[in-house]
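Take a look at the structure below.
Derivation of every value follows stated rules applied to the coordinates shown; laboratory data play no part. Remember, predicted model here, so these are calculated numbers, not experimental data. Neighbour counts run over all protein chains shown; Cβ positions are idealised from the backbone, glycine included.
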Amino acid sequence: MGDFTRDFYTIPQVAELLQVHENTIYRLVRAKKIEHYKVGAQIRISASELEKLKVEREA
C-alpha cells in the first residue's frame, strides 16, 4: 500500500492511500468513526489512525 511517513494526512491523501473515495472518509469523519483533528478549516488524520483504518480494511 502507501508509504506512511508523515505524522498527519489530509482526507484526499487518506482516500488515495486506502483506495476509497474521499466522500467515504468524510462520511466516517462525520460519523466520528475516525479520530481526526481540525487545523483551521481542514481536517487531518494521524498516521496511527490511518494505520488502524488500513488494518481494519484488510480484516
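Annotations for the structure displayed:
- Qualifying GluC sites (Glu not before Pro) for the chain [loop in DSSP, other Cβ within 10 Å: at most 14]: E35
- Where only DSSP H runs of four or more residues are counted, the chain gives -14500 deg cm²/dmol as its mean residue ellipticity at 222 nm, each run worth -39500 (n - 2.57).
- Loop-located trypsin sites (Lys or Arg not before Pro) in the chain (DSSP state other than H, G, I, E, B) with a sparse environment of at most 15 neighbouring Cβ atoms within 10 Å: R6, K32, K33.
- Normalised by the number of residues in the chain, the average gap of Cα pairs under 8 Å and 6 or more apart makes the relative contact order 37 percent.
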